[in-house]
Amino acid sequence: MSNEYVATKKGLFKDGKPVALEFGNKEQIKAIRKYEQNSAVLESEAGLLIEPNYICKAEGSFTCTCGRNVYYELDCDSNGDVDPFVGETVKCRGCNNEYVFTVNEADEIFVSRNYNIEE
């Protein structure tokens, strides 16, 4: 048997056994997208092919050093890649502290305070 995830209309499977969805699991996301694309390409009465168009937004918040919440919203791709976070910055609206997103080798996303030399 294959070690890959397979998505069907009955659910997500690995080695023929149903599995629970894991948030951020790239292999599962890939299997689900493949199933959605294969099943969503429909032939309409006019003979046109309709393909899904995915829009992905990453949004969240964290606490600034001044105590206020800093909200962010970034466009990302539907593959679950963390690349859109690399080098992105966000500012606190209260104190103008600047934060930069970084990603480590395990694809974990971190935010850190960006200090200017003048501070």
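The values are calculated or read from the model by the stated rules, or taken from the named source; none is laboratory data. This is a predicted model, so every value here is computed, not measured. As a convention, Cβ positions derive from the backbone with ideal geometry for all residues, glycine included, and neighbour counts pool all protein chains shown.
Considering only residues in segment 20-63 that are β-branched (Val, Ile, Thr) and modelled with pLDDT of 75 or more, the one that is nearest to the chain's Cα centre (by Cα) turns out to be ILE29.
Among the residues of segment 1-19, those identified as over 30 Å from GLU108 (Cβ atoms) and either part of a helix (DSSP H, G or I) or at pLDDT 70 or above (or both) are THR8, LYS9, LYS10, GLY16.
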